[in-house]
Amino acid sequence: MSQNPYCAGDFVWTHFPERENPARPGPRHVGYVVLSNSTAPGSAVLVAFTTSRPWNGPRPPGLYSIDRETAASMGQSRPFTLDLRRIAPLPVTGAWFPDLDTPNHGILGRAPERLRLEYQAALTELARRRRENIERLGPGR
């Protein structure tokens, strides 16, 4: 792959790192691209964690529960939770993005611009006011 195909707002297949091995690729997992500043070869993207487990209880800043209808509009087959408190700057390589060299590059869907901007602003605010609540994983942590 000669260029970074990922844009902020994309939901993509990743090998999102696990807490136990934060600098190593983890199992295949859907991630949300929060930031992608370059299309240059060798660039990195900032990916946030998603989970299909529903969130119960009060919702802390940076955590979004996405209902079935909204999830479907973003290319997801079921409701999910987006956790901007768990992020990983990942190099755009096949080790981290298992479908990088396929025609769609493992892109499953995209957040609407309104939500993309909301999520980006939420992460910026979280980093400014509650930096200690952000868990950084990945080789660029």
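Scanning segment 73-88 for residues that are outside any helix (DSSP H, G or I) and either over 14 Å from the mean Cα position of the chain (by Cα) or exposed (fewer than 15 other Cβ atoms within 10 Å of the Cβ) (or both) yields Gly75, Ser77, Arg78, Pro79. Does segment 64-82 contain any residue that is among the aromatic types (Phe, Trp, Tyr), touching a Phe, Trp or Tyr at 6+ places or on another chain (Cβ under 8 Å) and in contact (Cβ under 8 Å) with a residue 12 or more places away in the chain? Yes, segment 64-82 has at least one match. Return only the number of the condition from (1) part of a loop (DSSP other than H, G, I, E, B); (2) at pLDDT 95 or above; (3) of a type in the set (Val, Ile, Thr) that Val34 does not satisfy. Looking at each condition in turn, Val34 falls short on (1).
Return the residues of segment 89-141 that are in contact with a helix residue (DSSP H, G or I) (Cβ under 9 Å, 6 or more places away or on another chain) and assigned to a loop (DSSP other than H, G, I, E, B); say none if nothing qualifies.
Across segment 89-141, the qualifying residues are Ala111, Pro112, Ile134.
When Arg53, Arg110 are checked against the criterion of being touching a residue at least 60 places away in the same chain (Cβ under 8 Å), of a type in the set (D, E, K, R) and either within 14 Å of His29 (Cα to Cα) or touching a strand residue (DSSP E or B) at 6+ places or on another chain (Cβ under 7 Å) (or both), Arg110 stands alone in meeting it.
The values are calculated or read from the model by the stated rules, or taken from the named source; none is laboratory data. Keep in mind that this is a model prediction, so the values were computed, not measured. Counting neighbours? That spans all protein chains shown, and the Cβs are built from the backbone with ideal geometry, glycine included.
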